[in-house]
Number of protein chains: 2
Amino acid sequence: MTTGPIGVFDSGVGGLTVLRALRERLPDSDFVYLGDTARLPYGTKSPDTVRRYALQAAEALRTYHVRALVVACNTASGVALDVLTARWPEVPVVGVVEPGAAAACARSPRGEIAVIGTESTIRGGAYQAAIARLRPEARVRARACSVFVALAEEGWFDTAAAEAVARAYLGDWLEGPEPPDALVLGCTHFPVLAGLIRRIAGDELELVDSASTTAAVLADRLEAGGAAAPSGRAAAGGVRFLATDGAERFARVGGRFLGTELDPAAIEIVDL
Amino acid sequence: MTTGPIGVFDSGVGGLTVLRALRERLPDSDFVYLGDTARLPYGTKSPDTVRRYALQAAEALRTYHVRALVVACNTASGVALDVLTARWPEVPVVGVVEPGAAAACARSPRGEIAVIGTESTIRGGAYQAAIARLRPEARVRARACSVFVALAEEGWFDTAAAEAVARAYLGDWLEGPEPPDALVLGCTHFPVLAGLIRRIAGDELELVDSASTTAAVLADRLEAGGAAAPSGRAAAGGVRFLATDGAERFARVGGRFLGTELDPAAIEIVDL
């Protein structure tokens, strides 16, 4: 279990921001990324259904002999980590919620923590619960920022329209009497908007990107298990892309999140 | 078949703008609205899958003895009208694409027609094809405006952020040398943004709302068939709401499109 690729799954292409962070942190690893594009969004589905989908996705990734499993989807991280860990105790399973919450708690000077995410993530309350466990005295505010998802998919990372939307969502917090000192980007789509948010929020606000914190947590887990780098063969740093539907859109929109061009012909369509 | 309710189906809550227009045009009719919220979005699914979903939805509505079927979903209108009509020839079946295209052709003075919609609607090309059939010499331009969907669901109908997004999508057309003289709002979510678009586009541009044109076409079809108003009993004007998932979100977001408050307890959850 120390030589295989790292498996990453998400409901769609947003998790490619997590893959990007993983590749930066673990450049010698191979990866298999699975986006369940035929069944997205997970956020509107029941927890039982999301657990079933997550188990199917993990099962598919296991056929590639993965040495670790990263659940890049916030919704699946919130409801399926337990069942995945119970089913495959020999493989490290890492989600995006706990690492993001832990980083926010560690990096917030005054304990004024804000969380933004999709509607389902915010209403599900997984980030809020994790922060409350780790730093009970923190003051947590949370807001669904659904339009950010559309902006990110459109590739509008720092346009006038994107700025107007960001001010609409964050203005009252930033200009209020007790502004947050840490902001969790609690959706895989949001890291691409970090530059814009930084610009309107100023340098005082710690931006906590679940993607990079998840990559750091996985690297620690692999190192602790003696599997930080693949051994026994040349390191490759390659990625295999799997999707359940829509190779063309996966490549076109996914490329924005991954930060490199993707060839639709390189996306394998699989059934779960 | 002249006394039952009118069946309306959509992949989600956007079709409630069509229901709203239908109720205004046919205030004495009863309606059954079905939103297939568990399986949205349809736009990313294959035509075969969308046809299968549409047949299932229509089958469910037929158990209410509907006297007409309105396909409020642009994607399903583009691929499933033929199979629905073939399966139930005795019931008028009306989609949103043909009425919208016909109205644009009739109301464009110079034949400079623009179409906006979701990514799948624009890429599918159903509006463009219908306009080309009806008015071959028209110049058609089309653009996916995905962020509009998120704005509409967020309830941001005429905010500064919504205006910035509208200018980003439409600015080059409106300020170009040959601006469009008719704009098809080719997505069920867009009628709620009509006021904003009107404000930035000015009075020269004809805004063609598929919802109201579809309602007019259905009224004509019913009148031609002698079934414009339910007969043989008191007119009620009531609506039954069915959804395949998420009554709370259906009521909360759907109320914005319907223009009236919706009670989550009034949404029946059904399996298709």
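In the stretch B:32-39, is there at least one residue being among the polar types (S, T, N, Q) and either free of Cβ contacts under 8 Å to residues at least 24 places away in the same chain or away from every other protein chain (no Cβ under 14 Å) (or both)? No, the stretch B:32-39 has no match at all.
Please enumerate the residues belonging to the stretch B:225-260 that are modelled with pLDDT of 90 or more and under 18 Å from B:Pro27 (Cα atoms). Answer for the stretch B:225-260, where residues must be modelled with pLDDT of 90 or more and under 18 Å from B:Pro27 (Cα atoms): B:Gly238, B:Val239, B:Arg240, B:Phe241, B:Phe257, B:Leu258, B:Gly259, B:Thr260. Where helices (runs of 4 or more DSSP H) fall wholly inside the stretch B:127-204, no range has 1 or more residues that are farther than 23 Å from B:Arg256 by Cα, more than 18 Å from the chain's Cα centre (by Cα) and assigned by TED's automatic domain parsing to the domain that holds B:Pro41. With respect to (1) in contact with a Lys or Arg (Cβ under 7 Å, 6 or more places away or on another chain); (2) modelled with pLDDT under 95, the lone exception for A:Leu207 is condition (2). Residues considered: B:Ser120, B:Ser29. Of these, the only one that is hydroxyl-bearing (Ser, Thr, Tyr) and either more than 14 Å from chain A (Cβ to nearest Cβ) or farther than 17 Å from B:Gly12 by Cβ (or both) is B:Ser29. The requirement of being out of contact with any Leu (no Cβ under 7 Å at 6 or more places or on another chain), open to solvent by less than 10 Å² (accessible area, probe 1.4 Å) and not in a helix (DSSP H, G or I) is fulfilled somewhere in the stretch B:93-100, by at least one residue. Considering only the stretch B:53-61, I want to know if a residue exists there that is among the hydroxyl-bearing types (Ser, Thr, Tyr), outside the structural domain of B:Gly117 (by TED's automatic domain parsing) and modelled with pLDDT under 95. No. Counting only residues that are open to solvent by 10 Å² or more (accessible area, probe 1.4 Å) and either of a type in the set (Asp, Glu) or more than 7 Å from chain A (Cβ to nearest Cβ) (or both), the stretch B:139-148 holds 6 of them.
The values are calculated or read from the model by the stated rules, or taken from the named source; none is laboratory data. A quick note: this is a predicted structure, and the numbers were derived from the prediction, not measured. Counting neighbours? That spans all protein chains shown, and the Cβs are built from the backbone with ideal geometry, glycine included. Side chains are part of the model used for accessible areas, which takes the heavy atoms of the whole protein and leaves out ligands, DNA and RNA. Shrake-Rupley method; radii C 1.70, N 1.55, O 1.52, S 1.80 Å.
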